[in-house]
Amino acid sequence: MNMFVALFLLNLSFLSNESVANTGDKAACVFIALLMHYSMLTTFTWFFIQALHMYLWLIRQNITITNYMRKITVFGWTFPAPIVVAVVSLGGYKEVIINATSGKNTRMCWITDPLIHYIVNIGYYALVFIFTTGIFIMIVTKVVQARHVKAADGKRSTFRKQLMMVLSLFLLFGLTWAVAFFSYGPMLIPSYYIFTVLNSFQGFFLFLYYHHIHNDVAGNFSDDPESSSSTTTIVQSRINVVENV
């Protein structure tokens, strides 16, 4: 839910960015740029937390963490804050004029310094991407191994369910954002279209994923530990975890 809120704020600030920029109000422009940047970094952070959670739940197991939900919630929303404060103190948020090939100019409030953009945004996501990709490979390896091991009820995971799991992890870990790394040369325009479609509908796709999980297992599965207790123990049977995912 925290990741959904971060995605919602990101999309909301992006869609309203041009309207705010057209007002000519510098303070409002800085605010909407700050909000969009913070929402984007927060979204990346929640991709990292989701992968970390899956690692603790599936790979490590039997981990007891005090105030687990409180800690990850505070971390997810506060970690990007100092970065945004540093950028705004440097005056990095200003109005940007985007020249389209059609000749129409579009105003937007964003980071004007390319160096800050590459270090703070591209660099930050690159670190998250390396971690989430590593966890993704670990989980897919577990799934492949589980295909050859029968579960407790004697059934095997179907290929369709395994494929759905792999695709859902792409969304949960934000791996679709890595398409931006290929936006060069002949892949520039295709990568823009793929990036826009996948990431604009990411929240909708995640909604379908959780809806499918809810109907498929009838409430017997949850990827979130109990938040009512101050101490959470992440423990699952290794085979059952792969089957449930």
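The values are calculated or read from the model by the stated rules, or taken from the named source; none is laboratory data. Bear in mind that the values here come from a model prediction, so they are computed numbers and not experimental data. Cβ atoms come from the backbone with ideal geometry, glycine included; neighbour counts cover every protein chain shown. Surface areas here come from the heavy atoms of the whole protein model, side chains and all, with no ligands, DNA or RNA. Shrake-Rupley method; radii C 1.70, N 1.55, O 1.52, S 1.80 Å.
Across segment 206-229, the qualifying residues are those that are over 14 Å from Met1 (Cα atoms) and open to solvent by less than 70 Å² (accessible area, probe 1.4 Å), and the one among them that is modelled with the lowest pLDDT is Phe221. On the given criteria, is Phe44 of a type in the set (Phe, Trp, Tyr) and either crowded, with 16+ Cβ neighbours inside 10 Å or part of a loop (DSSP other than H, G, I, E, B) (or both)? Yes, satisfied. Considering only residues that are in a loop (DSSP other than H, G, I, E, B) and either of a type in the set (Asp, Glu) or touching a residue at least 24 places away in the same chain (Cβ under 8 Å) (or both), which ones fall in segment 84-93? Those that are in a loop (DSSP other than H, G, I, E, B) and either of a type in the set (Asp, Glu) or touching a residue at least 24 places away in the same chain (Cβ under 8 Å) (or both): Leu90, Gly92.
Residues checked against (1) surrounded by 15 or more Cβ atoms within 10 Å (Cβ to Cβ); (2) at pLDDT 90 or above; (3) over 25 Å from Leu15 (Cα atoms); (4) within 15 Å of the chain's Cα centre (by Cα):
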position	(1), (2), (3), (4)
Asn62	no, no, yes, no
Ile72	yes, yes, yes, yes
Ile130	no, yes, yes, yes
Ala146	yes, no, yes, no
Leu163	no, no, yes, no
Leu171	yes, no, no, yes
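The set of residues from segment 94-128 being of a type in the set (S, T, N, Q) and either open to solvent by less than 40 Å² (accessible area, probe 1.4 Å) or in contact (Cβ under 8 Å) with a residue 60 or more places away in the chain (or both) comprises Thr106, Asn121.
Restricting Ile98, Ile119, Ile49 to those that are farther than 25 Å from Ser168 by Cα and part of a helix (DSSP H, G or I) reduces the list to Ile119.
In segment 2-29, what residues are farther than 19 Å from Leu198 by Cα and either open to solvent by 50 Å² or more (accessible area, probe 1.4 Å) or assigned to a loop (DSSP other than H, G, I, E, B) (or both)? Selection gives Glu18, Ser19, Asn22, Thr23, Gly24, Asp25, Lys26, Ala27.
Are any residues in segment 173-182 open to solvent by less than 80 Å² (accessible area, probe 1.4 Å) and part of a helix (DSSP H, G or I), and if so, which ones? Of everything in segment 173-182, those that are open to solvent by less than 80 Å² (accessible area, probe 1.4 Å) and part of a helix (DSSP H, G or I) turn out to be Leu175, Thr176, Trp177, Ala178, Val179, Ala180, Phe181.
Ala152 passes every criterion in (1) hydrophobic (A, V, I, L, M, F, W, C); (2) out of contact with any Leu (no Cβ under 9 Å at 6 or more places or on another chain); (3) open to solvent by 80 Å² or more (accessible area, probe 1.4 Å); (4) modelled with pLDDT of 80 or more apart from (4).
Pairing residues of segment 183-205 that are farther than 15 Å from Phe4 by Cβ and in a helix (DSSP H, G or I) with residues that are modelled with pLDDT under 90 and open to solvent by less than 70 Å² (accessible area, probe 1.4 Å), at Cβ distances under 6 Å and at least 6 apart in sequence or on separate chains, gives Ser191/Val179; Ser191/Ser183; Ile194/Val179; Phe195/Val179; Phe195/Ala180; Leu198/Thr176. Among the criteria (1) at pLDDT below 85; (2) more than 22 Å from Ala51 (Cα to Cα), the one Pro190 does not fulfil is (1).
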